[in-house]
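The values are calculated or read from the model by the stated rules, or taken from the named source; none is laboratory data. Predicted model only: the values in this text are computed from it and were never measured. Ideal geometry is used to build each Cβ from the backbone, glycine not excepted, and the neighbour counts take in all protein chains shown. With ligands, DNA and RNA removed, areas are computed over all heavy atoms of the protein, side chains included. Shrake-Rupley method; radii C 1.70, N 1.55, O 1.52, S 1.80 Å.
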Amino acid sequence: MNTFGTNFRITTFGESHGAALGVVIDGCPPGMTLSESDIQPALDRRKPGTSPLVSPRQESDRVEILSGVFDGKTTGTPIALLVRNHDAHSHDYEKMKNLFRPGHADFTFQQKYGIRDYRGGGRSSGRETIGRVAAGAVAEKYLTSLGITIKGHVVSVHGKTGAQEIESEILAAKNAGDSVGGIAEITAKGCPAGLGDPVFGKLDAAIAGAMMGIGAVKGVEIGAGFAVAGRFGSENNDPITKSGFLSNNAGGILGGISSGQEIVVRIAVKPTASIAKPQKTIDAGGNDASITVKGRHDPCIVPRIIPVAEAMLALVLIDAVLEQRKYRE
Ligand SMILES: Cc1cc2nc3c(=O)[nH]c(=O)nc-3n(C[C@H](O)[C@H](O)[C@H](O)COP(=O)(O)O)c2cc1C
Ligand SMILES: C=C(O[C@@H]1CC(C(=O)O)=C[C@@H](OP(=O)(O)O)[C@H]1O)C(=O)O
């Protein structure tokens, strides 16, 4: 399945080492002003090659709007957004095409399809997120017009929380041929109460599914998250007064429906699978082998996942906003 969403539906396409990647958006409301300059800043925040902390692959990731916009406004018809690849080094992958990288999707893609584009991991590459981020920028523009704003930040990397410590931790792992994971937080302010379905399609379930659908995300918390398990009800409930809620352990969602409070989401991001240390694996014939992954990899995915997670939250929220119009204006 390469399609996400119901009312604001996106289909992403393309591979990391193919000609291009992109997205087709169906269901974007008509009449919204839209140009490449609304989308490019989000892609610039996502792209690789911007610092020693991320993959050195050099891509401009320039977006082209191919359809769905006329006279600078969305027409309500499918919006196709394209980003061409310019700096794929497929020979890095040629050498290990018969080996499965531990922690990556090589083994499972092979099991599922019986064939795989081994160049850059094909669609299992983090580069697939270009389409999500481009579509997310369109969704965010619409949500901003409703007063909804989405922001993400790095909470910790390998247990470290200070900016300088985080940077040193990532560089130390990179120099050791290793990688590190961490935690990011994404919030949405200005969400009206009433978004989300009460039984199936709860807003928190939709957000968790969207976040888990990002490569390398292995855990999702809403509000107080796993900490609720160690609390009394009297500590965890958010008291309600006529001037509003007194706390936000619920993370802005009650009964699967937004409460009007800030929506708070945290994600656990695993350490990058592709590392330069030798690891045990098997080859395509099932024989024991050793693999050392060379190439241009993110030593830590957390800094680069922020615009991707923001985009996924925007996509869930715009879908819920458009759905809610069926119930109440
Ligand atoms: C923005 C982004 C960048 C990523 N960069 C890398 C990378 O450089 N090397 C790598 O092995 N995995 C990278 N990943 C993670 C892989 O895409 C992911 O681990 C793989 O698809 C397997 O999925 P899973 O980790 O969810 O099981 C990145 C993911 C994202 C979202
Ligand atoms: C290129 C991007 O990230 C890539 C994500 C990725 C992976 O395995 O997920 C592996 C690397 O790709 P390559 O080996 O082709 O340089 C990263 O650079 C990107 O996100 O734009």
For Lys294, the lone unmet condition from (1) within 16 Å of ligand 2 (Cβ to nearest atom); (2) at pLDDT 95 or above is (2)
Of the residues in segment 186-205 that are open to solvent by 40 Å² or more (accessible area, probe 1.4 Å) and not in a loop (DSSP other than H, G, I, E, B), the one that is nearest to Phe8 (Cα to Cα) is Gly201
- Item | Verdict on Thr74 being modelled with pLDDT of 95 or more and closer than 21 Å to Phe8 by Cα | yes
When every residue in segment 300-329 that is aliphatic (A, V, I, L, M) and within 16 Å of ligand 2 (Cβ to nearest atom) is compared, the one farthest from Ile207 (Cα to Cα) is Ile301
Scanning segment 211-239 for residues that are in contact with a strand residue (DSSP E or B) (Cβ under 7 Å, 6 or more places away or on another chain) and β-branched (Val, Ile, Thr), the one nearest to Ala188 (Cα to Cα) turns out to be Ile222
Practice prompt. Would you be able to say whether some residue in segment 216-234 is in contact (Cβ under 8 Å) with a residue 60 or more places away in the chain, within 16 Å of ligand 2 (Cβ to nearest atom), surrounded by 15 or more Cβ atoms within 10 Å (Cβ to Cβ) and under 24 Å from the mean Cα position of the chain (by Cα)?
Written response: yes
Counted residues in segment 268-318 being near ligand 1 (Cβ under 8 Å from one of its atoms), open to solvent by 40 Å² or more (accessible area, probe 1.4 Å) and not in a loop (DSSP other than H, G, I, E, B) come to 0
Note: among Ile150, Ile130, just one is farther than 20 Å from Val220 by Cβ, surrounded by 15 or more Cβ atoms within 10 Å (Cβ to Cβ) and among the hydrophobic types (A, V, I, L, M, F, W, C), namely Ile130
TODO: Look at Ala206 and say whether it is within 16 Å of ligand 2 (Cβ to nearest atom) and within 15 Å of the chain's Cα centre (by Cα).
DONE: no
